[in-house]
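The values are calculated or read from the model by the stated rules, or taken from the named source; none is laboratory data. This one's a predicted model, so the numbers in the text were calculated from it and none came from an experiment. Don't worry about glycine lacking a Cβ; one is built from the backbone with ideal geometry, like all the others, and counts go over all protein chains shown.
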Amino acid sequence: MAIEQELIGIVPEKETFLTIGVFDGVHAGHRYLIKRLNQRAREEDLLSGVVTFNPHPQSILHPRNQLLWLSSLEDRVKELQELGVALIAVLSFTLELAQLSAREFVALLKNYLKMHGLIIGPDFALGRGGEGDANLLRTLGQEMTFSVEIIPPFTINGEIVRSTLIRRALAQGDMMKVEKLMGRYFELSAKVISADKRGQRLGFPTANLDIRPGQALPGSGVYATITQIGRKQFASATNIGLRPTFETGKKTVETHLLDYEGNLYGKELQVKFIHKLRDEQRFASSKELKVQIKKDVERVKIITRGLK
């Protein structure tokens with residue numbers, strides 16, 4: 001079984017307290033759960049652990065209804081590590097795994113990950129057909145000697161924090177709501193690729209980002225952002241859209257770094273989205289566009305002052 005081959009390479013040094021999920025975006029609700037997980041692990045001198053999946057189960061179970069993801073697997077793992085999770089098990093989600101019963105899946109976690117306890121949300125379910133709800137997991141816990149703790153949903157302003165809610169706010173360009181729901185700024189990680197250099201000719205050179213397929217993006221428009229290159233951060237203005245003034249017809253993400261000199265081609269950037277400045281719009285000429293970009297840059301300076 002493929003899942004056993006992946007699990008056999010993970011050797012916890014002692015028993016674990018686990019939680020299970022995709023953790024797309026590692027949002028505020030996830031952070032609430034992870035905080036409790038780490039607390040319980042410390043109380044019982046166990047390892048805190050997360051079992052996550054790649055690709056997203058939705059892409060395997062419902063291939064015609066693909067979800068845009070908020071964060072890549074690499075970024076998810078990095079965020080979870082920074083939150084103090086001691087063990088992260090990334091399992092390949094396949095049809096074979098989806099057909100495992102809740103009992104079979106839990107038995108694998110007991111055998112290979114030394115699961116002593118499990119923390120889940122109230123609507124969590126695992127196993128074939130989602131049979132492994134809270135009630136069944138509690139029953140299995142009694143039989144197989146592991147505890148099950150169910151934590152209440154995490155809400156902000158009366159709304160349960162979910163990745164779907166964040167995707168909706170992101171598409172609307174509501175970065176203030178996205179920040180609240182995620183517990184941090186939304187961030188894109190991407191390499192700089194070659195472009196037509198129109199921004200450079202306007203006096204505002206931009207880095208054209210190579211966005212991976214399936215990545216959720218803020219709605220089209222111009223944003224105040226902070227861009228990180230290595231350990232250095234720069235205030236930046238980032239445009240997402242079709243660049244209607246030039247009628248390219250292709251959606252792009254390009255960012256102009258304030259006070260940066262040098263060649264960015266091939267570098268990996270992390271772009272944090274702070275605030276939407278305006279919708280994308282068509283200008284009658286390059287001159288008019290240049291005037292507007294100058295205004296955008298001045299607003300970026302004001303908005304990002306003190307944030308870096």
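Details
- When region 107-130 is filtered for residues that are at pLDDT 95 or above, farther than 18 Å from E13 by Cα and more than 24 Å from the chain's Cα centre (by Cα), only A107 remains.
- Each residue in region 271-302 was checked for being over 24 Å from K251 (Cα atoms) and either among the acidic types (D, E) or crowded, with 18+ Cβ neighbours inside 10 Å (or both), and 1 of them qualify.
- Scan of region 91-105 for residues that are small (G, A, S) and not in a loop (DSSP other than H, G, I, E, B), ordered by number: S92, A98, A102
- Counted as qualifying within region 206-298 are the strands (runs of 3 or more DSSP E) with 1 or more residues that are at pLDDT 95 or above and in contact with an Asp or Glu (Cβ under 7 Å, 6 or more places away or on another chain), namely 207-210, 221-229, 232-241, 268-278.
- Test for V26: is it under 22 Å from L165 (Cα atoms) and not in a helix (DSSP H, G or I): yes
- Top-ranked residue of region 44-87 - restricted to ones that are within 20 Å of E13 (Cα to Cα) and assigned to a strand (DSSP E or B), ranked as farthest from the chain's Cα centre (by Cα): L47
- Check on L91, touching a residue at least 60 places away in the same chain (Cβ under 8 Å) and either closer than 22 Å to Q5 by Cβ or not basic (K, R) (or both): yes
- Listed by first and then second residue, the pairs with beta-carbon distance under 7 Å, at least 6 apart or on different chains, first residue in region 112-133 and within 23 Å of E6 (Cα to Cα), second part of a loop (DSSP other than H, G, I, E, B) and among the aliphatic types (A, V, I, L, M), are Y112/I8; Y112/I10; L113/I10; H116/L46; I119/I151; G127/L100; R128/L100; G132/A125.
- Selected residue (criterion: nearest to E44 (Cα to Cα)) from residues of region 85-121 that are out of contact with any Phe, Trp or Tyr (no Cβ under 9 Å at 6 or more places or on another chain) and charged (D, E, K, R): K114
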